[in-house]
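Colleague: This is the structure I want to talk about, given as structure tokens.
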Amino acid sequence: MNEKQIAGEKAIEYIQDGFTIGLGTGSTVYYTIMKLGELVRSGLRITAVSTSEKTTKLAEAQGIKISDINDVQKIDLTIDGADEVDQHFNGIKGGGGALLYEKIVALNSEKVIWVIDSSKLVDQLGKFPLPVEVVRFGCKKTFDRFSALGFNPAFRMGGPFYYITDAGNYIIDLQLGRIENAMKLEQIINSIPGVVECGLFIGMTNTIIVGKNGDAKIILK
Ligand code: 5RP
């Protein structure tokens, strides 16, 4: 079993009958969703909300009904992946382009678990390009502002066109190298008009499941 599968499947142990589950997006949580599908088909009763159209399709194909986030009272647990995680449990997300919905779901969850392979654990955030979701209007001006701030921006492409998120926005990836102060950076980026949200997830999880050496390691805050 690869590290993603080990981590993704381990998270299933945290799901209880009757829970409302937030389903993240990506190739690690894929394994969570596949396993959850098996359990649902065997009688587990859960309500699920999704963080992307891709996850909705996958979950529904597995027999997991997806509810509108506006129709659930609370989300007991969200299981999601991450692109980088540091020792303070802060992370970069959005490599799969779903950062906005992922952040809304995480923020409204009682508990968030990240499932990752061991390559995602880092001493310092920033090697992975930081995704920022921006509205289309004035996006080149927003891009220029990032350049002026020394953030080395690049529009994310989907083939020959700009990549479009589920919310209809673009993503600009910032090649930062090192992020010294994630909280301050998040404030700077999110205060620029045109920015919808950035992929810095600070203080949102206290449980990380890492696939490593054929086993699942649980890191608790
Ligand atoms: C999608 C995400 C993913 O959780 C992140 O990119 C990790 O993905 P994977 O599990 O495929 O490595 O933030 O927007």
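Every number here is computed from the coordinates shown, using simple stated rules; none is lab data. Since the structure is predicted, the reported quantities are computational estimates derived from the model, not experimental observations. Because the Cβ atoms are built from the backbone with ideal geometry, glycine has one as well, and the counts that use them run over all protein chains shown.
Colleague: Mind checking which helices (runs of 4 or more DSSP H) fall wholly inside segment 1-92 and carry at least 2 residues that are surrounded by 24 or more Cβ atoms within 10 Å (Cβ to Cβ) and within 13 Å of the ligand (Cβ to nearest atom)?
Modeller: Once the helices (runs of 4 or more DSSP H) in segment 1-92 are filtered for at least 2 residues that are surrounded by 24 or more Cβ atoms within 10 Å (Cβ to Cβ) and within 13 Å of the ligand (Cβ to nearest atom), what remains is 3-10, 29-41.
Colleague: Follow-up. Hey, can you tell me all the residues within segment 72-100 that are free of Cβ contacts under 8 Å to residues at least 40 places away in the same chain and on the phi > 0 side of the Ramachandran plot?
Modeller: Result: no residue meets the conditions.
Colleague: Name the one entry in Ala106, Ala82 that is over 13 Å from Leu23 (Cβ atoms) and in contact with a strand residue (DSSP E or B) (Cβ under 9 Å, 6 or more places away or on another chain).
Modeller: Ala82
Yes/no per residue for (1) touching a Pro at 6+ places or on another chain (Cβ under 9 Å); (2) closer than 17 Å to Ile113 by Cβ; (3) among the hydrophobic types (A, V, I, L, M, F, W, C):
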residue: Ala11; (1), (2), (3): no, yes, yes
residue: Gly26; (1), (2), (3): no, yes, no
residue: Val29; (1), (2), (3): no, yes, yes
residue: Arg45; (1), (2), (3): no, no, no
residue: Thr55; (1), (2), (3): no, yes, no
residue: Ile69; (1), (2), (3): no, no, yes
residue: Leu77; (1), (2), (3): no, yes, yes
residue: Glu84; (1), (2), (3): no, yes, no
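Colleague: Of all residues in segment 138-197, how many are hydroxyl-bearing (Ser, Thr, Tyr) and within 20 Å of Gly96 (Cα to Cα)?
Modeller: Counting residues in segment 138-197 that are hydroxyl-bearing (Ser, Thr, Tyr) and within 20 Å of Gly96 (Cα to Cα) gives 4.
Colleague: Residue check: is Gln175 closer than 27 Å to Ala7 by Cα and surrounded by fewer than 19 Cβ atoms within 10 Å (Cβ to Cβ)?
Modeller: No: the conditions fail for Gln175.
Colleague: Shifting gears a bit: Output the residues belonging to segment 200-221 that are assigned to a loop (DSSP other than H, G, I, E, B) and more than 25 Å from Asn108 (Cβ to Cβ).
Modeller: Asn213, Gly214
Colleague: Answer with yes or no whether Lys127 is closer than 16 Å to Leu185 by Cα and either without any contact (Cβ under 8 Å) to a residue 60 or more places away in the chain or not small (Gly, Ala, Ser) (or both).
Modeller: Taking the combined requirement at face value, the residue satisfies it.
Colleague: State all residues of segment 123-153 that are within 16 Å of the ligand (Cβ to nearest atom) and either of a type in the set (Phe, Trp, Tyr) or surrounded by fewer than 17 Cβ atoms within 10 Å (Cβ to Cβ) (or both); if no residue qualifies, say none.
Modeller: Lys127, Phe128
Colleague: Please determine, by comparing only the residues of segment 93-119 that are outside any loop (DSSP other than H, G, I, E, B), under 11 Å from the mean Cα position of the chain (by Cα) and not hydrophobic (A, V, I, L, M, F, W, C), which one is nearest to the ligand (Cβ to nearest atom).
Modeller: Glu102
Colleague: Having 2 or more residues that are β-branched (Val, Ile, Thr) is the bar; report the strands (runs of 3 or more DSSP E) wholly within segment 121-199 that clear it.
Modeller: 130-134, 170-174, 195-198
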